[in-house]
Every structure is written in structure tokens, then in C-alpha cells.
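The values are calculated or read from the model by the stated rules, or taken from the named source; none is laboratory data. Given the structure is predicted, the values throughout are model-derived calculations rather than measurements. When we count neighbours, we look across all protein chains shown, and the Cβ atoms used for this are built from the backbone with ideal geometry, even at glycine. We work out accessible area using only protein heavy atoms, side chains counted, and drop any ligands, DNA or RNA first. Shrake-Rupley method; radii C 1.70, N 1.55, O 1.52, S 1.80 Å.
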2 protein chains.
Amino acid sequence: MPAVMRDGGRLVVLGGVAAGMSAASRARRMRPDIEIVVFEKGPDVSYGSCLLPYFISDLIPSRDDVVRYDADFFRRERQIDVRLNTEATAIDPRRRQVTYRAPDGGTGTLGYDALVIATGATAYKPPIPGIDVPGVFTLRTLNDGERLKDALMSGGIEDAVIVGAGYIGLEMADALAHREVNVTVIEMLPTVLSTYDPDMSALIERELLDQGVVLRKGTKVNGFEPADGRDSVGYVVAGGQRIRTDLALVSAGIRPASTLAREAGLELGLSGAIRVDARQITSESTILAAGDCCEAPHVVTGRPCWIPLGTTANKQGKIAGENAVGGSARFGGVAGTNATKIFDLEAAQTGLTQHTAELDGYRPASVTITSTSRARVYPGASPLHVKLVFQPETGRLLGGQLVGREGAATRIDSIATALHAKMTVHELADIDMSYAPPFSPVWDPVIMAASQAQKKVTG
Amino acid sequence: MPAVMRDGGRLVVLGGVAAGMSAASRARRMRPDIEIVVFEKGPDVSYGSCLLPYFISDLIPSRDDVVRYDADFFRRERQIDVRLNTEATAIDPRRRQVTYRAPDGGTGTLGYDALVIATGATAYKPPIPGIDVPGVFTLRTLNDGERLKDALMSGGIEDAVIVGAGYIGLEMADALAHREVNVTVIEMLPTVLSTYDPDMSALIERELLDQGVVLRKGTKVNGFEPADGRDSVGYVVAGGQRIRTDLALVSAGIRPASTLAREAGLELGLSGAIRVDARQITSESTILAAGDCCEAPHVVTGRPCWIPLGTTANKQGKIAGENAVGGSARFGGVAGTNATKIFDLEAAQTGLTQHTAELDGYRPASVTITSTSRARVYPGASPLHVKLVFQPETGRLLGGQLVGREGAATRIDSIATALHAKMTVHELADIDMSYAPPFSPVWDPVIMAASQAQKKVTG
């Protein structure tokens, strides 16, 4: 049951990055009359986290290009009372009141008619000895990005170790190599980019090796040690070796920033993220949540899941903002669609992998085909690998993965669309997709994969 | 009611390009026991017509790269009796017999148990005086392409006039410019690429002008005249002017090659193409048709239409081949999805335009937005224009058009998928599409267009 916002009431939003500022902006558009206050614990709002690797590589040189709109824009143009460096420390749902720490260190309380929690996620810092040694970084906020870039700009960084071979780790391997830093990536698991099935992530792994990245898989990091005679990091101890380094980046995943919500008695999901309904309302009817701190319904499984992505944060933020002030918008669910560029390869995925489908209780089948990004004989054609995961009995599509030098990232969206429509591989194979030699073979790689999948449908 | 093929029966296929060879190959895979004969009136089978502009520009230098498989391949590997330079001249449905002209000029007859007509389409030659003057070309077959390329290779071609600003005309303008020929394009209609709405085709027009193409719209060609003292073309008379040229290409559209079918008493559609059911069966139960010579059900209107495309030909061919020998496959319909590259621009469309929707009796609404192909601040981002056409009362999506320097061609397939799923713009706006700065803005241009369209839905 969505909140009803009284005339001149107050909306408080916790967090001012993607979901938070989307929520505040949407609420303002709906309701010019109300007061809107955003608490952001950091010094910046509304920046693009996904831009950080390119900011660090200097492909995007200016900080101003990472920040979409600054706090003054929101204050001036949207009459949103943005309070930077201000951290909410407690929520009292009964009194409808937030306690916060102000920039000067003092504390205050502020009442609300509706509250949107958009506290995001925080970088996970594993309990490794020496993780707080200077020169060991994590990368989550713009502030983190600036510190890391400053370290690189100050010179003398020849070698870097990245702990964790997820998206951020691998995008940063690319970014650092772009700056001519020698990169070693250490991954605990036996594969890189483990949100992909191993046959697909193996393609990414080959690209990393081709680009000169040193990769140590199945390797645990035991400690970070200062350089001889200095206080900043000089060694990473891993797999029984001491690896010389000038800089370390720990990208060991993120965790939902749901502590405040939990302490306020809000229901969390199994993932530890805040549970919300399709209107982004939490277990308290006047408190909504959006973005990386909360769950979302999965369009394939129909169950709540936690797949933190900027696209979802923006959409959920809009919906939470609308519903916080009396609207009744519904979120369409996530397929977990994402794309990344690792050196010269594009990788993209949507829905379930073979592995996650099995974890979710399906008994999936899959096909993997290799086609080309353009007509085979058109100059510049390169291999494009497509994997489809589906239910063998019904043919229902469960997910897809694409890897190639071009045409993977945008093609994933067709598969995502098919997932939202709950298509079978038969229906996907029947889609009238475009063909022109510079852009695809006559049978689009996605259609070709779906045609192969059809042959494995038993029902 | 699909044909039942007796043991050791004979399938005859008329036409050996996309649909014909797909049909023959599929039939062979289903039925190793039967006899399969293909009559192809030209000297080649199974070539990629869409590759011809690139063969002529020399981006694809070798003829062997345009021909997927040659006749010997089909004879040897698939036991298909391919008869080149052999043209069917009559079909007798009652006697189940085809009359043909053999390469030596003699005639023969051949009985069939099932017949697949895959005669394709022919270039339309408007009745313009002088159209048969040497040096005035059309481009439809590989043979046409070779003749045109030979003319270019023989040297002395500095200026060319292209009559007709459809796909082929514009792709050929690009191809000839690539060979450093000065190109004038003459179009009778007031816009180029008139399968697009004028706001979108205006973007293509600007690109043509930027690339130095001379464009004369709204101009009729009155005649072709030989060069002074020679027998080959030297002038194109149009709009009251005599335009000097060394070569002319007439690309004034194509017509379904349905004469044989009509003369045999088969039902044709309003388009003049052969009417078929979802199993590719014509009004005669033992005769099937596939490809550019026949109609297809449109996924948006549900009505038969004639949108000749290579992708459709291949799919319909497979289905006709399967059903000719006892199968019961159904064709999934066409959305008319297509893409083209005109100099540095990609253009792609699917479903209905504003204009065709109106012709089809809808009262459509539309939105056109301009976004970027990558995150705005990512190097290389370029404008991407998206138009969506929809029903304002229900929000149902009717079609989409995309134009931009990159990311248009593959993105159209998401919209095509949404059309097959009969989505509304609300549903399209909810799709979880991928985001990564090198490939899209955080709100994908398609999602942004759908969000704008939502605001115009009245129901």
C-alpha cells in the first residue's frame, strides 16, 4: 500500500547517487509542494560509478564528466535540499525520524512523512592482514576513484596487483594496463568473471593473457606488506609467494548497505539486501528502498534476488520516488542484464547461467555456438560466441551470454527482451532480426544459437 | 494440409539462390531417399545478394566470397541435382509437371511430387527511353554485379548516376564513392530511403550530402542517351537537364517473380506475390513457395505482406523444404526488420513506420529521441536517433527506426523481439537492458524512447 504524502510533507532520501537522486528528482516532478531532503554521506551526488575505470584510465579525463549533476544543480533546479557529508545513523520507523551525523560532527534528527533508503552497496574488504596498509585501495565511490587516480598520477607506479577478477577487477586491469602499469590479477576462484559460465569466461581469460596480464587463479591472498623502508604497500603475499607491487586494488565484491535498515527492524532478504515489493515499499509502509541496497524480483525465476546494477538503481529510484509521494508505479523486474569491455573483448549476459539455473533448481540445458560479428567475408568480421540456457522440456529460455570483439553488448538486449516476454527458444529462433553484411551474418548469431537450442528441446 | 512425399518421390525446386537452396537442403536433411532437382535460370546458386555492393566496392574482392556454396557442393555433398542456366517456363499443377528450357535451348518436362517455387524477385526496369543503352545497369543477380564490377574495373568511369534512392541505390552510392567515382543520385520521391519516415531519412540524406553525393530528389528520369560518338551511356536526362555520366545504375525497386505461378493458376496476393499459408503452401496443396516471390504474414498487422528480405527467404525456404516432404513447420512471420550501412551511418527499422501504420489503418503516435551510442562522456560517443511508433490508446508498439554512426543495427533486434512479443511501450520501457559506458548511456536509447512514448499513451 503506497504512502500518501500530505500537502507540504517531507520526503527524506538516504543516499544521493543513482537511486537516491532518481527518487528525489521523480518525487519533485510529481510534487512541487513537498520538502525533499537528501542525506549523502560522501562529498558527491549523482555520479556514474560505472565510469570510474575510464576516469582512472584517463579515457575520461575530467571528474566533471563523471558527475552527472552536482549538488548545486539539484538545489537550484529541483529545490532538493541535498546535504553532503551527512550520514544517517539511525531510522526510527515509529516516530518517522532519521538521526544523522552532520559534516561538523554534530548529530541531528529529522522527521519524515516518507523515507527512501538508497544507501547503495559498499566494497567488501576481506579480513586480510595488511589490508589497511597505504596503497591498498578499494573502488566504489568517486572519492575512491580520485584517490586511486591521484596515486597513479603521482608517478612511480609500475606494478599493480588486483585482488578479484570480477567486472571491476578486470575493467581496472584494462584501465591500469592502458596507463602502462604491469598488472597481476589474483582470483580465489578457478575462473575469472565467475558470473559467466566457465566456457564463456575462458574466452575472457584468454584475452587477459593475450594482453599481458599476469593471472593467478585459485589463489588466496594472505597479506599485504609495506615496501622495504616505506609505509605504503610493497608486496602482496599470495599462494606462497611475495609479489612485488606498487599498488593493490581489492575488488572482492560488494555488500548491500542495509545495516541501517536492519537495525530499524526492516525485513531483509536472504541476500542481506532490503526486501521490497513491486512498488519498492519495504516491510514498513512509509519506508521505500531502491538500488543496490535492496532486492528486486527476477523476471526468470520470479523470486527476489540481489543483482546490484546502475540501470536497476535508476529505475527503482524513479519508482520509489513516485510511490513515496502517492504514486503507484511498479518495477518490471531484473534479468541481471549487463555488459562489460575487457581490453578488446565485449562480454554480456542476461538471465540465468547454466550454473545459476542449477542453483535455482532448474535442470537446464544449454548450447554454445560460435558465429561472426559481421558476414564472415566482410572485412573486420570477428568470432562472436553465444551461449543460451533453457529448459529442455519446455524450451523456455532462461538466459544468455555473449562474448566477442564487437556486437555482444547490444545483442544481449534482444535476449533480455525475450526473457521479459518469457519466450521459448522456438519463439526466439522465429524473431525477424536484421541482416546486413557489416553488422551480422545472414542468420544472426542469436538466431543461430536459438536454432541449435531447438534441437535439444525434448518436449 | 502439407504434402506427403512418397518414398523415392521427387521434389522440384524452382530457383537456387537463398530460399531455393535452403528448401532443397532442408528437404535432403529430412529425406535421404527422395530425388531433389533444382532449376536455376542463372549460372550461380546460393550467393549472397546483400554482399553485392561490397563485392562491387571491392571491400569483398573475390567472387568466391559472394557464393556461399557452389552447385558442385550441393551435387556432391547433398545429392541435389542442381541444373544451372535452366529456366522453368510453365507449371502444370494438374499433371504435376514443370516445363523448362535447358542450357542448350531445348525444352523438357519434369514431373514432381512436390514443387517449391523460389523464383525470387526481379529488378524493375521502368519504361524510360534509352534504358537498354549499354552502360545502364540494374543490380539483382551475381551476374549483374559482375558486369557492373567489370565495367568499373575496365577504367574510365569517373561519374555515375544512380536512379533510385532505396537501399540498393544508396549502398551502391557508397560503394561507387569508395571507388572514387563521383556519384549523383536521382530520386523521384521527395525523400531518400522512403521506407523510413521523413524525419529519419533526413538524417541519411544529410550523410549523403556530407559525403559529397549529388542528390536530386523529386526528380524524374526522362531518358538515357549514348555518349557523343559512342554507343554506351553518356547522359542521363532528368529534371530538364542532361547530366554527364560514364555509367548509370537503375535501382527502381524489385517485383516478385510470380508470373509462372500466376500462369499456373496459383493465387497471388494484392502485392502480386504468391499467397502462401503459414506452412508456405500455395493455393495448390503440392506447390509451396518461399522467399522474395511470395508473401508472409506480418507480425504486427497479422495480414499478408510482401517485404522481400534475405533473412525471410532463408527461413521460409527451410520451412517450405521441410513441409514439401511431409513436415509441418510454421513460419513465424515478418516484422520487416532490416539494417543498412550508408557511408558512416547505420540505419535500421522494424515493424511499421508512422506512414505505413497510417496506410494500414492505424492512428499511430510516435516519438523520436536523440541519445548517444555510448555514455555521453565516453570517447567516440555519437548521436543515436530512435523513433518508436505505437498506438496511443493501448500503448502497443507498432515499429521502430534507428539511425546513428554505431549501435543502430544490432539494437533494432530488441525492438523486433518486442514486436514479436506484442509488447506495449510500457513493457518495452521496463526491459532490463545492459549498460556499460563503451556501449550505451545508462538509459539505453531504446528504453529512453519507450519512456518518452509512455507519456503519450492516452489509454
Cut-off under 5 Å, modelled amide H: who pairs with B:Val237 long-range: B:Asn222, B:Gly223, B:Phe224, B:Glu225, B:Ile243
Top positive-direction residue, dipole computed over chain B with Cβ charges, set B:Gly212, B:Gly229, B:Ile162: B:Ile162
B:Arg68 accessible area, 1.4 Å probe, all protein chains in place, Å² to nearest 10: 100 Å²
Signed unit charges on C-beta, dipole axis of chain A, positive-most listed residue A:Ile342, A:Ser251, A:Ile447: A:Ile447
Overall dimensions of region A:38-196 by Cα: Rg and Dmax, Å: 18.6, 55
In Å², nearest 10: area of B:Arg206 left accessible to a 1.4 Å probe: 140 Å²
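Can you give the local net charge around A:Asp430? Use residues other than it whose beta-carbon is closer than 10 angstrom to its beta-carbon, Lys and Arg +1, Asp and Glu -1. Please list the in-between numbers first.
Working: positive: B:Lys315, B:Arg330; negative: A:Glu427, A:Asp432.
That works out to 0.
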Overall Cα dimensions of region A:313-437 - principal axes, largest extent first, Å: 57, 34, 29
For region A:215-222, Karplus couplings with θ = phi - 60° (6.51, -1.76, 1.60), whole Hz, Gly/Pro x: 10, 10, 8, x, 10, 8, 8, 9
For q = 0.15, 0.16, 0.19 Å⁻¹, Debye-computed log10 I/I(0) when each Cα of region A:46-91 counts as one equal scatterer: -0.53, -0.58, -0.72
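Quote to one decimal, in nm, the extra length available between B:Asp150 and B:Asp58 on full extension: 0.36 nm per residue of separation minus the C-alpha distance between them.
Full extension from B:Asp150 to B:Asp58 adds 32.0 nm.
Counting pairs of alpha carbon atoms under 8 Å apart in space and at least six apart in sequence, what relative contact order in percent does chain A give?
On the way: 1134 pairs, mean separation 66.9, N = 459.
Worked out over chain A, it gives 15 percent.
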Volume per residue that the Cα convex hull of chain B spans, once the total is divided by residue count, Å³: 158 Å³
Cβ-placed point charges (K, R +1; D, E -1), dipole of region B:80-224 about Cα centre in debye, nearest 20: 640 debye
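Is the shape of region B:250-337 rounded, prolate or oblate, going by the alpha carbon gyration tensor and its root eigenvalues a ≥ b ≥ c, with a/c under 1.5 for rounded and a/b larger than b/c for prolate? Mind showing how you got there, number by number?
Working: a/c = 1.60, a/b = 1.15, b/c = 1.39.
Since a/c reaches 1.5 but b/c is at least a/b, the shape of region B:250-337 is classed as oblate.
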Listed residues A:Cys50, B:Cys293, A:Cys305 arranged by accessible area, highest first, probe 1.4 Å: A:Cys50, A:Cys305, B:Cys293
Which of B:Asp58, A:Asp210, A:Asp292 is most accessible, then next, and so on - probe 1.4 Å: A:Asp210, B:Asp58, A:Asp292
Distant-in-sequence amide H partners of B:Ile342 (H built 1.01 Å from N, under 5 Å): B:Ala347
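Nearest 20 debye, what's the magnitude of the dipole of region A:61-140 about its Cα centre given +1 on Lys and Arg Cβ and -1 on Asp and Glu Cβ? Present the calculation step by step, with values, prior to reporting the outcome.
Values: 12 positive and 11 negative charges, 52 e Å.
The calculation lands at about 260 debye.
With an 8 Å Cα cut-off and a minimum separation of 6 or more residues, compute the relative contact order for region B:152-222 in percent. Mind showing how you got there, number by number?
Values: 102 pairs, mean separation 22.9, N = 71.
Computed over region B:152-222, the figure is 32 percent.
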Label spacing, shortest first and in nm, from B:Pro126 to its equivalents in the remaining copies (7 angstrom along Cα→Cβ): 7.1
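Could you give the dipole magnitude of the protein assembly as shown about its Cα centre, charging the beta-carbon of Lys and Arg +1 and that of Asp and Glu -1, in debye to the nearest 20? Present the calculation step by step, with values, prior to reporting the outcome.
Details: 96 positive and 106 negative charges, 427 e Å.
About 2040 debye.
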Teacher prompt: A:Gly240 distances to equivalent labels in other copies, 7 Å Cα→Cβ, nm: 9.1
Largest-first principal axis extents, alpha carbons of the protein assembly as shown, Å: 100, 60, 56
Shortest-first distances to equivalent copies, position B:Glu158, nm, label 7 Å out along Cβ: 6.1
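Where Lys and Arg each count +1 and Asp and Glu each count -1, what net charge lies around B:Thr340 among other residues with Cβ under 12 Å from its Cβ?
Numbers: positive: B:Lys341; negative: B:Glu171, B:Asp174, B:Glu207, B:Glu346.
That sum, taken over residues with Cβ under 12 Å, equals -3.
Relative contact order for region A:249-403 using alpha-carbon pairs under 8 Å, separation at least 6, rounded to a whole percent?
Working: 284 pairs, mean separation 23.0, N = 155.
Relative contact order of region A:249-403: 15 percent.
Counting pairwise Cα distances across region B:141-201, what percent come out greater than 20 angstrom?
Values: 564 of 1830 pairs.
When every Cα pair of region B:141-201 is considered, 31 percent fall beyond 20 Å.
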Charge-dipole axis of chain A as Lys and Arg at +1 and Asp and Glu at -1 on Cβ define it, positive-most pick from A:Val192, A:Leu115, A:Thr312: A:Leu115
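Count charges around A:Gln349 for me, please; just the other residues with Cβ under 13 Å from its Cβ, Lys/Arg as +1, Asp/Glu as -1.
Numbers: positive: A:Lys387, A:Arg411; negative: A:Asp197, A:Asp199, A:Glu346, A:Asp413, B:Asp432.
Result for the neighbourhood of A:Gln349: -3.
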Other-chain or far-sequence residues with amide H under 5 Å of A:Leu288's (modelled H): A:Leu115, A:Val116, A:Ile117, A:Thr282
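Taking each residue in B:257-266, count the Cβ atoms of any other chain within 10 Å of its Cβ, then average. What number comes out? Let's see the in-between values first.
Working: counts 0, 0, 0, 0, 0, 0, 0, 0, 0, 0.
Other-chain Cβ atoms within 10 Å of each residue's Cβ, averaged: 0.
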